[in-house]
Amino acid sequence: MKTVWDKTEGAQRDELFAFNEGYKDFISSSKTERECVAQTVRLAREQGFRDLADVLAQHQPIQAGDKLYAVNKDKDVALFVIGQRPMSEGMNILGAHIDSPRLDVKQHPLYEDHGLTLMDTHYYGGIKKYQWVALPMALHGVVFKKDGTRIDLCIGEKEGDPVVGISDLLVHLASDQLQKTGAKVVEGEDLNVLVGSIPCPNEEKDPVRAAIVKLLKEQYNIEEEDFLSAEIEVVPAGKARDYGLDRSMIIGYGHDDRVCAYTSAMAILQMDKPERTSVCLLVDKEEVGSNGASGMHSRFFENTVAEIMDRMGETGDLNLRRALQRSQMLSSDVSAGYDPNYPSVNEMKNTAFLGKGICFNKYTGSRGKSGCNDANPEFIALLRRIMEEENVLFQTAELGRIDQGGGGTIAYILANYNMEVIDAGIAVQNMHAPWEVVSKADVYEAYRAYVAFLKKA
């Protein structure tokens with residue numbers, strides 16, 4: 001089967017590698033949802049996008065060709081390039097999620113145990129817990145004090161920064177542990193992050209804990225009670241790096257789903273006066289069900305579209321419903337990449353492979369397609385034509401063998417508006433592990449596919 005590498009050479013091969021350098025920078029500095037939103041907004045503003053909130057507050061008109069962005073809770077962002085046709089005729093939407101599996105620091109995290117001070121965590125998303133031990137970890141997040149002061153936290157990424165981590169049991173004493181199933185080798189309540197061991201002088205009760213509390217106050221202006229209004233994530237420390245002796249792949253934290261978020265955002269930045277309004281929608285909470293005020297189930301996107309249409313004179317609920325129903329969307333989410341070490345979980349004729357282009361998943365779900373979207377063949381035929389016309393290499397796949405497991409995306413939520421939706425993303429190895437792997441060829445080809453969709457769908 002032909003790969004992206006087979007059809008790229010010379011200047012296009014150089015462009016492929018250059019594009020991935022930008023992606024490595026993005027993913028290395030965007031390890032939380034808030035960081036992803038901030039980086040995306042920065043890129044958008046550099047390309048002339050305006051804040052919708054400012055446009056509305058200043059009663060400015062919105063017209064074809066305008067480039068706008070809207071931010072929700074600092075965890076979602078939607079980018080719009082207004083098309084020549086009325087929005088009530090539909091939009092072309094790229095939708096990805098920017099949350100990734102991680103560990104969240106609890107509200108009352110600090111405790112001391114025999115001269116060591118640790119932080120309690122609660123894991124976020126589906127993980128193999130044993131993969132998150134014995135690794136250097138960084139702390140990313142925000143702390144809000146009672147007076148509203150915001151403190152941005154990033155410890156463990158700069159040269160010279162300390163890192164933290166979760167201990168593992170030495171193999172010499174692990175005979176009982178090794179008899180457990182993978183799900184029980186490390187328990188959720190044992191994912192405790194070691195943060196210090198030097199005692200505070202003249203402190204009789206929990207002197208190491210007291211020293212850490214003092215350090216947090218002196219170095220970061222964080223009181224212990226401020227953890228109550230904090231959002232601190234424990235993530236793998238370090239930058240994304242080239243993977244493979246030929247540098248054909250990237251290993252990094254959070255490819256799921258920031259690799260699709262970045263390529264989607266870069267695609268919409270290329271749009272200029274499209275026929276149909278182009279949208280890039282990046283949302284939170286997919287890994288835990290898309291609920292809450294920043295998840296896809298919230299009204300953020302629907303309300304934002306309504307605000308834009310109202311300013312453009314397309315008022316009323318009916319026009320909004322028409323716009324959503326007549327839209328088409330690529331649910332930009334990753335697929336499970338074939339791994340030669342574990343071939344038995346795949347049905348080889350319907351498997352995603354690294355280096356073979358963007359992957360379309362007609363359906364995801366599990367247990368007989370439960371929870372899936374299941375794209376319509378009419379829409380798939382349109383995408384096949386567009387990809388062929390633009391010389392974009394694509395593949396189709398399922399998420400492993402039928403009874404092996406499964407998963408879901410935000411696709412079904414947007415499909416509830418009756419719009420055409422299909423999952424379309426990049427094959428990933430080590431999905432949901434601290435360090436995931438993608439092919440540079442697929443990153444570039446997905447970007448090209450998203451551009452083609454926005455222009456021609």
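Points to keep in mind about this one:
- Given (1) of a type outside the set (Asp, Glu); (2) touching a His at 6+ places or on another chain (Cβ under 8 Å); (3) open to solvent by less than 50 Å² (accessible area, probe 1.4 Å), index of the condition Gly83 fails: (2)
- Checking each residue in the stretch 191-206 for being touching a residue at least 40 places away in the same chain (Cβ under 8 Å) and surrounded by 14 or more Cβ atoms within 10 Å (Cβ to Cβ) picks out Leu191, Asn192, Val193, Leu194, Val195, Gly196, Pro199, Asp206.
- Taken over the stretch 106-123, the residue count meeting the criterion of being of a type in the set (S, T, N, Q) and open to solvent by less than 70 Å² (accessible area, probe 1.4 Å) is 2.
- Among the candidates Val208, Val213, the residue that is among the β-branched types (Val, Ile, Thr), out of contact with any helix residue (DSSP H, G or I) (no Cβ under 7 Å at 6 or more places or on another chain), part of a helix (DSSP H, G or I) and closer than 25 Å to His108 by Cβ is uniquely Val208.
- Single condition Ser335 does not satisfy, out of (1) touching a residue at least 60 places away in the same chain (Cβ under 8 Å); (2) in contact with a helix residue (DSSP H, G or I) (Cβ under 9 Å, 6 or more places away or on another chain); (3) open to solvent by less than 10 Å² (accessible area, probe 1.4 Å): (2)
Per-residue answers, yes or no, for (1) within 19 Å of Phe227 (Cβ to Cβ); (2) outside any loop (DSSP other than H, G, I, E, B); (3) touching a helix residue (DSSP H, G or I) at 6+ places or on another chain (Cβ under 9 Å); (4) polar (S, T, N, Q):
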residue: Ser88; (1), (2), (3), (4): no, yes, yes, yes
residue: Leu103; (1), (2), (3), (4): yes, yes, yes, no
residue: Pro109; (1), (2), (3), (4): yes, yes, yes, no
residue: Gln131; (1), (2), (3), (4): no, yes, no, yes
residue: Leu135; (1), (2), (3), (4): no, no, no, no
residue: Asp147; (1), (2), (3), (4): yes, no, no, no
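- Check on Gly126, of a type in the set (Gly, Ala, Ser), within 18 Å of the chain's Cα centre (by Cα) and open to solvent by 20 Å² or more (accessible area, probe 1.4 Å): yes
- Answer residue from the stretch 231-251, given it is within 20 Å of the chain's Cα centre (by Cα) and of a type in the set (Lys, Arg) and is farthest from Thr32 (Cα to Cα) among those: Arg241
- Residue within the stretch 193-200 that is part of a helix (DSSP H, G or I), over 29 Å from the mean Cα position of the chain (by Cα) and among the hydrophobic types (A, V, I, L, M, F, W, C) present: no
- Matching residues in the stretch 436-457 - criterion: being hydrophobic (A, V, I, L, M, F, W, C) and either modelled with pLDDT under 95 or under 19 Å from Glu21 (Cβ atoms) (or both): Val437, Val438, Ala441, Val443, Ala446, Val451, Ala457
- Subset of the stretch 262-301 that is without any contact (Cβ under 8 Å) to a residue 24 or more places away in the chain and outside any strand (DSSP E or B) - its residue that is nearest to Asn416 (Cα to Cα): Arg299
- Boolean, Ala424 is without any contact (Cβ under 8 Å) to a residue 12 or more places away in the chain and outside any loop (DSSP other than H, G, I, E, B): no
- Of all residues making up the stretch 132-150, the number that are under 19 Å from Asp256 (Cβ atoms) and either among the basic types (Lys, Arg) or in contact with a Phe, Trp or Tyr (Cβ under 9 Å, 6 or more places away or on another chain) (or both): 2
- Residue check for Glu15: open to solvent by 40 Å² or more (accessible area, probe 1.4 Å), closer than 30 Å to Val437 by Cβ and free of Cβ contacts under 8 Å to residues at least 40 places away in the same chain: no
- All conditions but one from (1) among the hydroxyl-bearing types (Ser, Thr, Tyr); (2) open to solvent by 30 Å² or more (accessible area, probe 1.4 Å); (3) touching a residue at least 12 places away in the same chain (Cβ under 8 Å) apply to Tyr342; the one that does not is (3).
- Residue in the stretch 129-154 that is most open to solvent (accessible area, probe 1.4 Å), counting only those that are without any contact (Cβ under 8 Å) to a residue 60 or more places away in the chain and within 23 Å of Gly196 (Cβ to Cβ): Asp152
The values are calculated or read from the model by the stated rules, or taken from the named source; none is laboratory data. Bear in mind the structure is a predicted one, so any value in this text is a computation, not a measurement. Every residue, glycine among them, receives a Cβ derived from its backbone with ideal geometry; neighbour counts consider all protein chains shown. The area values use the complete protein model at the heavy-atom level, side chains included, leaving out ligands, DNA and RNA. Shrake-Rupley method; radii C 1.70, N 1.55, O 1.52, S 1.80 Å.
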